[in-house]
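Contents: one structure, followed by commentary.
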Amino acid sequence: MSVISISSYQPRNTKPLNSAALWSDDLELPILEPKQQLSTIELPLFTSKVPAGFPSPADDHLESTIDLNQHCISNPPATFFVKVKGHSMTGAGINDGDMLVVDRSLRPNNNSIVVAVIDGEVTVKSLDTSTDEIWLRSKNPDYPDFQIKEGMELHIWGVVKNVIRSLPV
Amino acid sequence: MTSAPIFAIADCNNFYASCERVFQPKLNGKPVVVLSNNDGCVIARSNEAKALDIKMGAAYFKIEQYAKQEGIAVFSSNYALYGDMSQRVMQILSSFAPRSEVYSIDECFLDFTGLPQNLTEYSLDICAIVKQWTGIPISIGVAPTKTLAKLANRLAKKGHSKHGPALDWRDIADPDAVLKTIALDDLWGISRRWKDKLNQLGIHHALALKQSDPKQLRQHFGVVMERIVTELNGISCIALEEMPAPKKQILTSRSFGERLTDYDDLRAAVTHFATRSAEKCRQQRLTTHVLTVFIHTSPFDTRNPQYSNSATIAFDRPTNDTAQLNAAAQQGLKRIFRRGFSYQRAGILLPDLWSANVAQLSLFDSGENNLRSDQLMTALDDINRKHGKRSVCYASEMLSKRWQMRQEFKSPSYTTNIKELLTVQI
């Protein structure tokens with residue numbers, strides 16, 4: 001008599017909610033829990049420095065794992081990715097083609113790099129509130145700064161938290 | 001002692017139009033409309049578009065000229081974007097209440113029972129946070145019953161709250177006077193048909209309904225109407241349904257972007273629908289033992305001959321395997337396809353679903369095949385989740401693209417496709 005495997009009928013752990021679970025042609029409404037895990041991609045954290053010669057035996061005992069999402073994203077529902085085109089922020093380490101991690105829940109400080117909306121136009125600049133005036137500064141001497149004047153509408157869309165740049169490999 | 005229940009409903013304002021504006025801020029204050037599948041008709045309007053007298057459901061070809069002339073921004077539905085934005089809003093909302101119920105893509109009931117705060121201020125904070133974090137404006141209605149919370153929300157949206165986007169029903173000085181101004185079909189759960197029927201009984205506004213005898217109305221309309229009347233009187237009898245009932249059937253169907261006459265075009269469409277149906281089944285841990293495939297011509301096309309047909313195929317044992325569903329769908333399509341017609345729509349219906357946990361094996365089934373199928377489908381779903389949908393699909397789906405929807409004005413999927421992120425010129 002053959003034994004029938006029942007493994008395929010056991011409920012699997014429910015996967016964390018992610019946007020890919022929502023499909024364009026019909027939306028299934030999810031049940032939400034207050035705290036949702038962002039991702040399960042984890043890389044091991046090595047406790048010792050990488051030696052050039054013989055590997056440390058301590059690396060047999062990995063202490064924890066690093067999830068880049070947890071590191072870069074503190075508030076998932078308020079986090080958006082934005083791409084930039086242009087060279088006005090090279091001094092802030094933002095180059096043409098970089099991807100920015102933007103957190104809309106962060107309060108901008110003086111010198112925060114922000115995604116700003118000036119009279120409907122979106123830009124990325126450094127916020128300067130050190131004086132009574134509000135300036136949006138470019139971080140490249142070849143590009144102008146903008147002063148927000150009476151009658152202009154400024155809206156801080158979000159605060160740039162990280163820059164992600166792919167290097168040629 | 002348990003405290004009396006208090007409900008809130010948070011509702012996104014002009015949700016689809018608002019989603020588009022988050023990524024195109026220059027459209028703030030400008031008229032925006034969103035069109036239905038295949039760019040057929042208007043399904044969402046910003047306040048400015050409403051003010052220009054664009055009607056809900058208006059056919060696009062009828063308003064096209066006017067829209068251009070008035071500078072109305074027009075978008076095709078972008079459900080990837082709306083779904084993601086909805087999920088963000090819901091996630092934030094759910095952190096402000098011990099229990100919540102996602103009621104629709106843009107509405108969420110929250111259970112505020114027992115919260116010690118001033119609920120108007122608390123709601124205003126929630127509105128401000130959702131607006132800042134996601135860019136989506138919302139309104140919140142608070143009340144002792146879900147029916148009244150919906151009404152409070154509606155009033156807040158129409159500017160009747162002195163606190164802006166939030167309104168606590170209990171703060172209204174003379175609620176009966178307000179109810180007297182509310183049309184019956186503005187109440188949650190009351191259809192136009194019911195309104196007419198109530199009018200015949202001499203009930204013309206919400207106050208009259210509130211003062212009616214619920215038991216008597218129950219005889220005419222059933223238990224739902226009895227509940228609405230009870231809830232209008234401030235007694236909660238519609239609870240928060242945290243767990244939606246498992247779906248009894250799955251329908252995946254679409255109108256085509258153009259009329260199709262070719263067998264291969266239909267095969268591609270049917271394969272896609274079967275694939276989606278199988279994915280939906282697996283997501284909900286359901287299986288099916290029957291599949292119905294249907295095709296039909298446009299009922300509005302009076303110049304050409306009409307034809308519609310369906311075929312139903314049964315499986316030996318319940319399944320949610322894409323290959324099996326697709327094979328059945330193809331077999332059914334072959335049976336019902338007739339040459340010489342212009343098809344407008346096709347679809348797959350899984351009419352009777354079972355929990356995947358309680359499937360019955362047939363006598364000769366070793367279980368081995370199930371395990372293999374399950375593993376294959378898990379791998380398939382994982383790949384498509386990681387690398388974008390339809391990274392891996394069945395070849396018959398690729399026979400044609402002609403069935404796909406018309407989406408001439410679709411905005412980028414800013415939040416769900418890394419190739420379509422918002423790009424800022426700096």
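The values are calculated or read from the model by the stated rules, or taken from the named source; none is laboratory data. What you see is a predicted model, and the numbers here were worked out from it, not measured in a lab. In this analysis, Cβ positions are derived from the backbone assuming ideal geometry, glycine residues included, and neighbour counts consider all displayed protein chains. For accessibility, only protein heavy atoms count, side chains too; no ligands or nucleic acids. Shrake-Rupley method; radii C 1.70, N 1.55, O 1.52, S 1.80 Å.
Filtered by the rule that a residue be of a type in the set (Lys, Arg) and more than 12 Å from chain A (Cβ to nearest Cβ), the range B:223-279 gives B:Arg227, B:Lys248, B:Arg259, B:Arg267.
Elements of the type strands (runs of 3 or more DSSP E) sitting completely within the range A:127-169 and holding at least 1 residues that are among the hydroxyl-bearing types (Ser, Thr, Tyr) and without any contact (Cβ under 8 Å) to a residue 40 or more places away in the chain: there are none. Among all positions in the range B:46-53, there is no residue which is more than 17 Å from the chain's Cα centre (by Cα) and touching a residue at least 40 places away in the same chain (Cβ under 8 Å). Counting the residues of the range B:288-338 that are charged (D, E, K, R) and assigned to a strand (DSSP E or B) gives 2. Picking from residues in the range A:87-98 that are closer than 16 Å to A:Val114 by Cβ and open to solvent by 10 Å² or more (accessible area, probe 1.4 Å), the one that is nearest to the other protein chains (Cβ to nearest Cβ) is A:Ala92. Give the residue that is farthest from A:Asp103 (Cα to Cα), with candidates limited to residues of the range A:118-130 that are at pLDDT below 95 and at the interface with chain B (Cβ under 10 Å from one of its Cβ atoms). So the residue we want is A:Asp119. Search the range B:170-189 for residues being more than 21 Å from B:Met225 (Cα to Cα) and part of a helix (DSSP H, G or I), and hand back the single one that is least open to solvent (accessible area, probe 1.4 Å). The residue in question is B:Ala177. Filtered by the rule that a residue be open to solvent by less than 30 Å² (accessible area, probe 1.4 Å) and free of Cβ contacts under 8 Å to residues at least 60 places away in the same chain, the range B:92-120 gives B:Ile92, B:Ser94, B:Val102, B:Ser104, B:Thr120.
Would you be able to tell me the number of residues in the range B:202-233 that are assigned to a loop (DSSP other than H, G, I, E, B) and in contact with a helix residue (DSSP H, G or I) (Cβ under 7 Å, 6 or more places away or on another chain)? Of the residues in that region, 4 qualify.
Residues in the range B:349-364 that are at pLDDT below 80 and either within 29 Å of the chain's Cα centre (by Cα) or exposed (fewer than 14 other Cβ atoms within 10 Å of the Cβ) (or both): B:Ala356, B:Asn357, B:Val358, B:Gln360, B:Ser362, B:Leu363, B:Phe364. Within the range B:291-309, the only residue that satisfies the criterion of being more than 12 Å from B:Tyr343 (Cβ to Cβ), hydroxyl-bearing (Ser, Thr, Tyr) and within 26 Å of the chain's Cα centre (by Cα) is B:Thr292. For the range B:396-415, the tally of residues that are within 10 Å of chain A (Cβ to nearest Cβ) and open to solvent by less than 60 Å² (accessible area, probe 1.4 Å) stands at 4.
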